[in-house]
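Here, each number is a calculation from the coordinates, and none is a lab measurement. Model, not experiment: these values are computed from the prediction. Methodologically, a virtual Cβ is constructed for each residue, glycine included, from the backbone with ideal geometry; neighbour enumeration extends over all protein chains shown.
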Amino acid sequence: MTVSVNIQNLQQSIEELFEEKPETYSDPERQLFADFLDLLNRGEVRSAEPDPSQPTGWRVNSWVKKGILLGFRIGGIVEMTGAGSPARFFDKSTYPLKPFTVNDGVRIVPGGSSIRTGSYVGRGVTCMPPMYLNVGAYVADGTMVDSHALIGSCAQVGRNCHISAASQLGGVLEPVGAMPVIIEDDVLVGGNCGVYEGTIVKRRAVLGSGTILNRSTPVYDLVRGMVHRATDDTPLVIPEEAVVVAGSRNITSGPGKDWGLSLYTPVIVKYRDAGTETKIQLEDLLR
């Protein structure tokens, strides 16, 4: 049975307990965290959520990040042994594996995947082994998380995305006010990509294999003749339907120029069109 929780009151209590930092936690305080964790698992609270009033279209919920961090304080190290497995694991008692049933509508293919409690996994999500979802992650309906892919703590992934093999979406749990990595709906993240430091990839974008996105590397848009950068106050934002590939730019001064060196840089080479749709339509056959 699901217990109704007043989220506004829960937020206030989480923030107060986070600041108090008691040496030990009472049963009511542990129940407070349990109620919070239940909402995380159901996707009813998120570390970031869509907000049209914000320049990026997203709002950070710092109190949710505080609640996740609170769980690490409350929990003690316990042995976690998988059913029928000789392997032994030791982790925080507050963050065991997330339980699933066939009624959840999630396809978890056998082979060593791990999904931590406190993450939300929507219906129709496919998890190919071995993959990993950390606490606070949010993966919406119909997305495929491929083999050796990592979705870090608090990363947000939209509907019908494909996070391809060996790709990583970095976790941004601290500082609590920082934007986590966000992948919006219908995005294809190619193999061996890395998206870090609160980058936002807008809907229907395509990241070619090996693309790395972070706050330090500008993205050169050959179509619109502009450069996309993060600032002190805003994350790197990849535009809707942009097709981004790994590129390079020449060093124009000093020894680097003399030695003929170049630096890695992501490049937007086009925006999605009929040709792009044809190349990625195979995704539907894999779900």
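Between the residues Ser62, Gln8, Thr211, the greatest Cα displacement towards the positive end of the dipole of the chain, with unit charges on the Cβ of Lys, Arg, Asp and Glu, is found for Thr211. Counting 0.36 nm for each residue step from Glu49 to Val78 and taking away their Cα separation leaves a gain of 7.2 nm.
Extension gain for Ser262 to Arg123 (0.36 nm times residue separation, less C-alpha to C-alpha distance): 45.6 nm. Only Lys, Arg, Asp and Glu carry charge here, each on its Cβ (+1 for the first two, -1 for the last two); on that basis the range 98-272 has a dipole of about 240 debye about its Cα centre.
Dipole of the chain computed with +1 at Lys/Arg Cβ and -1 at Asp/Glu Cβ about the Cα centre; of Leu188, Gly158, Leu40, farthest Cα towards the positive end is Leu188. Remark: the range 1-71 is approximated by an ellipsoid whose semi-axes, taken from the C-alpha gyration tensor as √(5λ), come to 23, 15, 9 Å, largest first. When every Cα-Cα distance of the chain is counted in 10 angstrom steps from zero, the calculated P(r) takes the values 6, 27, 32, 22, 10, 3, 0 percent.
The spacing between the range 215-243 and the range 1-64, judged by their C-alpha centroids, is 32 Å.
For the residue pairs Lys202/Lys270; Lys21/Lys98; Lys66/Lys202, the C-alpha atoms sit more than 22 angstrom apart in Lys21/Lys98; Lys66/Lys202.
Please state the relative contact order of the chain as a whole percent: Cα pairs under 8 Å, 6+ residues apart?
Details: 686 pairs, mean separation 27.8, N = 287.
Reported relative contact order: 10 percent.
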